[in-house]
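Note sheet for the following structure.
The values are calculated or read from the model by the stated rules, or taken from the named source; none is laboratory data. Everything numeric here is computed off the predicted structure, so don't read it as measured data. All Cβ positions, glycine included, derive from the backbone under ideal geometry; neighbour counts span all protein chains shown.
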Amino acid sequence: MAAELAESIEQGTGLKRVLGGGFAIAAGVGTMIGLGIMRNPGEIVAVIPDPFYYVVLWLLVGLFALLSTAVVTELVSVTPRSGGYYALLRRSLGPYYGFLMGWVDWLSYPATIALKSIVLAEYLALLFPSLIGWKVPLALSITSVFAALQLRGVVLASRVQQIAATGMGLIIISLALALLLAGPADPATASGVIAEPGLKQIGLVIAAVVFTYDGWLIPAYFGGEIRGGGKVLAQACIRGVLLVLVLYVFLNTALAISVPLASLAGHELALSGALDLTWGAGSGTFVIVAAVLFLLAHQNINYMSAPRILYTMAEDGFSTRRAATVGRHGNPMFAVFLTWAATAGLIMAGGFEFLLNLCSLFFVVLYSALLIGVLVLRRREPDLDRPHRAWGHPWTTIVCLLGWILIAVIMAAATPQSALSAAIMTMVSIPIYLAIQAWQRKNS
């Protein structure tokens with residue numbers, strides 16, 4: 001890959017507006033729909049086995065994510081840059097908070113890609129037992145293929161994403177229909193272990209549902225490349241969340257109707273267990289195949305998103321200058337290479353689950369920071385042209401902010417080690433930021 005990378009890099013170009021609103025919706029949908037919807041129901045029903053409250057939880061969290069999106073996309077609409085959270089927070093809260101969250105955001109990507117590569121290899125080994133023992137080489141091969149796909153250009157990668165997102169939606173609908181058509185499973189199968197709903201369990205349940213919806217701002221990573229500007233981008237974010245909300249509630253309603261939820265408590269791939277119960281042993285293999293497809297699609301969108309963080313940070317002097325170099329096919333290939341190298345290192349080294357847990361807490365902090373950004377920018381620039389305005393501002397903004405802060409507090413109380421590490425990382429970032437500022441002044 002390194003040789004192809006060097007050949008693909010071409011100086012003097014930047015990101016171009018070559019992506020449409022359809023891709024922006026597909027990016028959000030294709031990121032939100034993932035392994036979480038296959039696996040997390042097993043963790044949730046272990047605490048909330050009642051079908052009514054189970055479905056209501058999915059509906060309420062989905063509506064909260066939709067409302068948060070409708071507020072935060074005001075910030076998206078006035079930030080015509082790629083780069084995701086970094087660009088948004090630098091625009092609203094200043095360079096330091098943009099720098100801090102940009103690095104945290106980018107670091108979470110190699111860990112996420114690496115973990116999903118290994119899980120993907122494990123699922124392929126379930127389908128093809130001859131691959132057992134080859135998980136690490138297989139994971140490296142898979143992630144390298146999708147990194148190399150970016151060499152063919154942003155247009156091809158965006159088409160792959162649109163096809164993948166459509167396929168994901170059809171799979172969710174097919175799973176829901178399969179559960180409904182099978183009819184209710186035997187109540188005698190309700191043999192799962194139900195946990196006492198303590199603080200830790202409630203925190204894990206909230207985190208599980210919240211992060212199954214995570215990805216609602218992925219279109220913002222391509223803000224400088226979407227045709228139509230900020231209004232199209234904001235609408236794409238909202239429509240993506242709305243689509244996923246409908247799909248998730250439909251699927252989980254079908255699950256609650258068809259299967260004794262307690263029978264899935266603690267199941268590592270709950271939808272697979274549900275198909276086995278309703279259609280017979282072995283039917284759940286379809287879910288494993290679907291999970292493989294989801295994980296493959298995530299490789300593509302993650303290799304599109306993460307490099308754009310480094311690209312925009314490099315434009316502002318917070319990353320290596322080469323990361324701002326765009327290849328002749330429209331992707332920042334050196335930034336892709338850095339993401340791939342970090343991912344490959346984590347696959348070979350292992351031990352990146354802790355980083356993922358840490359980043360999960362940071363994601364909630366990121367959401368809160370974005371909402372604060374909306375409030376700050378409204379006060380700082382009240383006359384700014386806003387192609388999309390937050391629904392019901394300022395009350396909805398304040399309600400969403402308080403909601404995410406409450407979720408962060410619950411998660412921090414449930415995982416104090418991650419909270420402490422997050423605080424330490426924040427403090428360490430200050431001298432790093434000051435050193436970069438000093439270096440910039442010296443070389444300006």
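Observations
- Set Ala281, Ala341, Ala349: member being surrounded by fewer than 18 Cβ atoms within 10 Å (Cβ to Cβ), farther than 21 Å from Tyr213 by Cα and modelled with pLDDT of 90 or more: Ala341
- Among the candidates Ala262, Ala256, the residue that is modelled with pLDDT under 90, farther than 27 Å from Ala390 by Cβ and not charged (D, E, K, R) is uniquely Ala262.
- Any hit, the range 380-397, residues being in a helix (DSSP H, G or I), of a type in the set (Phe, Trp, Tyr) and in contact with a Ser or Thr (Cβ under 9 Å, 6 or more places away or on another chain): no
- Counting only helices (runs of 4 or more DSSP H) that fall entirely inside the range 249-363 and contain at least 1 residues that are under 20 Å from the mean Cα position of the chain (by Cα) and within 30 Å of Ser421 (Cα to Cα), the qualifying elements are 285-315, 333-349.
- For the range 72-87, the criterion of being modelled with pLDDT under 85, within 23 Å of Leu233 (Cβ to Cβ) and of a type outside the set (S, T, N, Q) is met by at least one residue.
- Total residues in the range 205-250, condition in contact (Cβ under 8 Å) with a residue 40 or more places away in the chain and within 24 Å of Ala270 (Cα to Cα): 21
- Residue match in the range 273-280 (condition: out of contact with any strand residue (DSSP E or B) (no Cβ under 8 Å at 6 or more places or on another chain) and of a type in the set (Val, Ile, Thr)): yes
- Here is the figure for the range 421-435: residues that are more than 23 Å from the chain's Cα centre (by Cα) and loosely packed, with under 15 Cβ neighbours inside 10 Å total 8.
Here is a yes/no grid of residues against (1) β-branched (Val, Ile, Thr); (2) closer than 21 Å to Leu127 by Cα:
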position: Ala274; (1), (2): no, yes
position: Trp279; (1), (2): no, yes
position: Phe286; (1), (2): no, yes
position: Gly317; (1), (2): no, no
position: Phe334; (1), (2): no, no
position: Thr339; (1), (2): yes, no
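- Taking the criterion of being more than 19 Å from Ala24 (Cβ to Cβ) and among the aromatic types (Phe, Trp, Tyr), the residues of the range 265-312 that qualify are Trp279, Phe286, Phe294.
- Top-ranked residue in the range 243-254 [being touching a helix residue (DSSP H, G or I) at 6+ places or on another chain (Cβ under 6 Å) and of a type in the set (A, V, I, L, M); ranked as farthest from Ile25 (Cα to Cα)]: Ala254
- Exactly one residue out of Val244, Val232 is buried (at least 23 other Cβ atoms within 10 Å of the Cβ) and hydrophobic (A, V, I, L, M, F, W, C): that is Val244.
- Among the residues of the range 81-101, those identified as at negative phi and out of contact with any helix residue (DSSP H, G or I) (no Cβ under 6 Å at 6 or more places or on another chain) are Arg91, Pro95.
- Taking the criterion of being at pLDDT 80 or above, closer than 30 Å to Val76 by Cβ and surrounded by fewer than 18 Cβ atoms within 10 Å (Cβ to Cβ), the residues of the range 1-54 that qualify are Lys16, Arg17, Val18, Gly20, Gly21, Gly22.
- Any pair with Cβ under 6 angstrom, 6 or more apart, that starts in the range 368-380 at a residue that is closer than 14 Å to Thr79 by Cβ and ends at one that is crowded, with 19+ Cβ neighbours inside 10 Å and of a type in the set (Asp, Glu): Val374/Glu74
- Residues of the range 119-137 satisfying the condition of being under 15 Å from Ala344 (Cβ atoms), in contact (Cβ under 8 Å) with a residue 12 or more places away in the chain and surrounded by fewer than 20 Cβ atoms within 10 Å (Cβ to Cβ): Lys135, Val136
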